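A short worksheet on the structure shown next.
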Amino acid sequence: MDIFIQQIINGLTTGSVYALVALGYTMVYGIIQLINFAHGEVVMIGAMVAFSVITALAGTASPLPPAVILLAGVAAAIPACMAIGYLLERIAYRPLRHAPRLAPLITAIGMSIILQHLALLVWSRNPLAFPQIIDNPVFSIGGAAITGVQIAIILLSVALMAMLTWFVYRTRFGIAIRATAENVHVASLMGVDANRVIAATFIIAAALAAVAGVMVGTYYGITHYTMGFMLGLKAFSAAVLGGIGNLAGAMLGGILLGLVEALGAGYIGELTDMCKWPLMNQVFAERCAADGHLVLMGSNYQDVFAFLVLIAVLVFRPSGLLGERVAERA
Amino acid sequence: MTKLRNTQPALYWCGVALVAIALIALPLVLTLVGTAWVRITNLAILFTFLALGLNIVVGFAGLLDLGYIAFYAVGAYVYALLASPHFGLHLPFWIILPIGAFCACVAGALLGAPTLRLRGDYLAIVTLGFGEIVRILINNLSSPFNITNGPKGITRIDPLQIGSVEFYNSDTWLGILFTGPAKYYYILLLILMAVIVINLRLQQSRIGRAWVAIREDEVAAKSCGINTRNIKLLAFAMGASFGGIAGGMFSAIQGFVSPESFILQESIMVLSMVVLGGMGNVWGVIAGALLLSFVPELLRYTVQPAQQALFGRMLIDPEVLRMLIFGAALVLTMRFRPAGLWPESRHRQEFSGEHRT
């Protein structure tokens, strides 16, 4: 049972990070119906910038308290990512807004490769150890452990999601965003500056990505120039799971995907242990007798779950859990 | 070209003969420069196979596939498993290549079936995920039953052998030295010719026209009586089987396969070749593949010494530079020549911005 609770806690933590990144995908998709392929790289750049700032500040035996250093890292990562989000929109998307759908997708892939390899040049090809500067107290809940970092990640994500929801549904600019998402031309006729709104959407998405990047860095204690790829894919799966274009859907999808992944990784070894199944037990009697276990798939298959969820959703419910619009909106 | 053949047949056939002689003499000349260049040429031909296969899916049928390298992996591993000491099997290559092509074809249909309803960007992501799943499987299928030997890969794969001719070592025929890579070059060239002919014929065929119809407007194609489901599946399956054949040849030539050869970067590289050359145009795609295969190699030989001379050390690894060039090629092509450097005539109209899907 404590494994179950432990995996729920881990799942909630990674799930809230996925949710933050998924919000970026879903907002951009909602407004221009395109998948921002390079969004995962923005997360990576966020983590990298924060890494540099934190390492620089922490290394000099500075009198700054650790929490301030961490905040400085976040504060540096956010504007850096915002700038990259804006550049992405200007270089990869705006010139191709009226081109066939394949074209901006291909430029986005190109931008993603460029960002990845620029990061490689700047921050080296080795995994970088994220400095662990704040103490990480461990609390115990029902036999499972939850760390201070995990609590902070979950709370901060919830706060950011609440802020975003308030921004989109309660402010004038939020109305402009929703109007543009509904219909660009009509919104322009009503006096909404569509270009500005679209650029702002990319920038907000990038800011969320920056925070998510710092979270990933502190949680796993490591950053790498390729980290954005898998994270981006999973977050995209989360956005599709919740219903792409739908804010609440992205949050729900992120959390659910995190839980599926954590529970899957926690239990797949047990489920595919052939010696536990009556019929299979006979088939592999010899090997079961030898060491008692014959595990077909271990937790190294963790990354596969996101894709399986993605494919299953697209096949059985392409509009996602909360989405009303179908994927085929041209 | 056809015009020239009809008006001045003598000139046309002279040209063909010259090209043929140049292609035949190429490895012998390259051997003088260095056997490495023959190897590079062989890899370029393999990537041309891949680009032509992907062109069927992306260029003809308009389905963006980002996991194409998975089929290459399937072909390569089928060959490796059936002709290496790993399982103790040593089947001849002309049995394995069709098996590899068939397995890749099945994998292509498996990928195609659940994704038929998706278009554009969704399809891209799902295929990308599929490619990753295949790579993760290859990486992990080493326990509890050792099928793929995990990240270590499979070594000592049998080289090609036709009759008594072994492709592994050098031979001297008619007083000319033929190195191993040079012999592989000829067989690759033969297969390449066949693949090109198949592609050109496919493009003109009923199926090829159906693919283009689906690419341009799926609903319209359907209402014209095209069975879009089967035709799209066919595109996936055919594209995949070309990848499978290329993979088999790769295994035989390298003698070693590992999951590292089948990462996403390779898929993107093949896609860049198709996009840069001109989606849908067979000759454009070939040119794109050769360009993106040779330019990075040339860079490798020039950038390194140039940087050494200028800065006294290596600032940018040629490998990184290669990826940066690919990324920039994708972005710049889409912005300034969206139909590629040598566009297909029909695509040229589509990308001119006069109509939007």
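Only a single item in (1) more than 25 Å from A:Gln6 (Cβ to Cβ); (2) under 15 Å from the mean Cα position of the chain (by Cα) is not met by A:Gly253, and it is number (1).
Scanning for something over 27 Å from A:Ile5 (Cα atoms), within 12 Å of chain B (Cβ to nearest Cβ) and at pLDDT 70 or above, does segment A:290-307 turn up at least one residue? No, segment A:290-307 has no match at all.
Evaluated against (1) more than 22 Å from the chain's Cα centre (by Cα); (2) not in a loop (DSSP other than H, G, I, E, B), B:Phe87 falls short on exactly one condition, (2).
In the set (1) assigned to a helix (DSSP H, G or I); (2) over 25 Å from B:Ile125 (Cα atoms); (3) more than 20 Å from the chain's Cα centre (by Cα), A:Pro63 fails one condition alone, (1). Does B:Val275 satisfy being within 18 Å of B:Ile191 (Cβ to Cβ) and crowded, with 24+ Cβ neighbours inside 10 Å? Spelling it out, it is not the case that B:Val275 is within 18 Å of B:Ile191 (Cβ to Cβ) and crowded, with 24+ Cβ neighbours inside 10 Å.
Let's see how each residue does on (1) in contact (Cβ under 8 Å) with a residue 24 or more places away in the chain; (2) over 30 Å from B:Leu4 (Cβ atoms); (3) in contact with a strand residue (DSSP E or B) (Cβ under 6 Å, 6 or more places away or on another chain); (4) not assigned by TED's automatic domain parsing to the domain that holds B:Trp211:
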position: B:Val19; (1), (2), (3), (4): no, no, no, yes
position: B:Leu26; (1), (2), (3), (4): yes, no, no, yes
position: B:Ile69; (1), (2), (3), (4): yes, yes, no, no
position: B:Val74; (1), (2), (3), (4): yes, yes, no, no
position: B:Pro98; (1), (2), (3), (4): no, yes, no, no
position: B:Ala104; (1), (2), (3), (4): yes, yes, no, no
position: B:Ala113; (1), (2), (3), (4): yes, yes, no, no
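Would you mind stating whether A:Gln282 is within 25 Å of B:Ser143 (Cβ to Cβ), surrounded by fewer than 17 Cβ atoms within 10 Å (Cβ to Cβ) and either of a type in the set (Ser, Thr, Tyr) or at pLDDT 70 or above (or both)? No, not satisfied.
Does B:Ala22 meet the test of being out of contact with any helix residue (DSSP H, G or I) (no Cβ under 8 Å at 6 or more places or on another chain) and at pLDDT below 85? Spelling it out, B:Ala22 is indeed out of contact with any helix residue (DSSP H, G or I) (no Cβ under 8 Å at 6 or more places or on another chain) and at pLDDT below 85. Of all residues in segment B:134-153, those that are more than 24 Å from B:Phe236 (Cβ to Cβ), of a type in the set (Ser, Thr, Tyr) and more than 10 Å from every other protein chain (Cβ to nearest Cβ) total 1.
Note on segment B:303-326: among residues that are at the interface with chain A (Cβ under 10 Å from one of its Cβ atoms) and out of contact with any Leu (no Cβ under 8 Å at 6 or more places or on another chain), the one that is modelled with the highest pLDDT is B:Met323. Going by the conditions given, is A:Leu105 free of Cβ contacts under 8 Å to residues at least 60 places away in the same chain and within 27 Å of B:Leu66 (Cα to Cα)? No. Against the numbered list (1) part of a helix (DSSP H, G or I); (2) modelled with pLDDT of 85 or more, B:Gly225 comes up short only at (1).
Can we say A:Glu41 is assigned to a helix (DSSP H, G or I), away from every other protein chain (no Cβ under 12 Å) and among the acidic types (Asp, Glu)? Spelling it out, it is not the case that A:Glu41 is assigned to a helix (DSSP H, G or I), away from every other protein chain (no Cβ under 12 Å) and among the acidic types (Asp, Glu). Against the condition within 13 Å of another protein chain (Cβ to nearest Cβ) and modelled with pLDDT under 90, how does B:Gly59 come out, does it pass? When the stated conditions are applied, B:Gly59 passes them. If only residues of segment B:295-313 that are out of contact with any helix residue (DSSP H, G or I) (no Cβ under 6 Å at 6 or more places or on another chain) and hydrophobic (A, V, I, L, M, F, W, C) are counted, the one that is surrounded by the most Cβ atoms within 10 Å (Cβ to Cβ) is B:Val295.
Of all residues in segment B:107-133, those that are more than 10 Å from chain A (Cβ to nearest Cβ) and within 18 Å of the chain's Cα centre (by Cα) total 3.
Whether a residue is under 17 Å from B:Ile187 (Cα atoms) and either free of Cβ contacts under 8 Å to residues at least 60 places away in the same chain or not assigned by TED's automatic domain parsing to the domain that holds B:Leu192 (or both) was assessed, and B:Ala10 does not pass this test.
The requirement of being assigned by TED's automatic domain parsing to the domain that holds B:Thr155, β-branched (Val, Ile, Thr) and within 21 Å of B:Leu137 (Cα to Cα) is fulfilled nowhere in segment B:194-214; no residue meets it.
I'd like to know if segment A:120-133 contains one or more residues that are more than 8 Å from every other protein chain (Cβ to nearest Cβ), part of a helix (DSSP H, G or I), charged (D, E, K, R) and surrounded by 14 or more Cβ atoms within 10 Å (Cβ to Cβ). Scanning segment A:120-133 turns up no residue that is more than 8 Å from every other protein chain (Cβ to nearest Cβ), part of a helix (DSSP H, G or I), charged (D, E, K, R) and surrounded by 14 or more Cβ atoms within 10 Å (Cβ to Cβ). Every condition in (1) under 21 Å from the mean Cα position of the chain (by Cα); (2) within 13 Å of chain B (Cβ to nearest Cβ) is met by A:Pro100 except one, and the failing one is (1). Counting the residues of segment A:256-272 that are closer than 10 Å to A:Ala19 by Cα and either crowded, with 24+ Cβ neighbours inside 10 Å or within 14 Å of chain B (Cβ to nearest Cβ) (or both) gives 2. When you check A:Leu87 against the structure, is it assigned to a helix (DSSP H, G or I), free of Cβ contacts under 8 Å to residues at least 12 places away in the same chain, surrounded by fewer than 23 Cβ atoms within 10 Å (Cβ to Cβ) and more than 10 Å from every other protein chain (Cβ to nearest Cβ), yes or no? Yes; evaluated as a whole, the condition is true for this residue.
The values are calculated or read from the model by the stated rules, or taken from the named source; none is laboratory data. All values derive from a computational prediction rather than experimental measurement. All Cβ positions, glycine included, derive from the backbone under ideal geometry; neighbour counts span all protein chains shown.
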